[in-house]
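To start, the structure under review is shown below, and the notes come after it.
Please treat every number below as a calculation from the coordinates, not as lab data. In this text the structure is predicted, and so the values were computed from the model without any measurement. FYI the Cβ positions are ideal-geometry reconstructions off the backbone, even for glycines, and counts take in every protein chain you see.
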Amino acid sequence: MSDMDMNQAEARKIDAEIASLNAMTAKLHAETMKLSKETRWYEAIVLIAVVGATAAVVKIFF
């Protein structure tokens, strides 16, 4: 195998690794966005539960 063939093979290997890293980055970004949305919903649900519990306590005692 000549030096040029080896360089081309190495370049193809590096290109494949770059494509793999780009795909992994896109996947991680999608997962991060999903977790961010879920976190916002979780906070809203907890807030609604606290307001509901407070309203129930106020109604019972007042």
Residue match in segment 41-61 (condition: free of Cβ contacts under 8 Å to residues at least 24 places away in the same chain, of a type in the set (Lys, Arg) and surrounded by 10 or more Cβ atoms within 10 Å (Cβ to Cβ)): no
Selection status of ALA55, within 16 Å of the chain's Cα centre (by Cα) and of a type outside the set (Val, Ile, Thr): no
Scan of segment 2-29 for residues that are exposed (fewer than 10 other Cβ atoms within 10 Å of the Cβ) and assigned to a helix (DSSP H, G or I), ordered by number: ASP3, MET4, ASP5
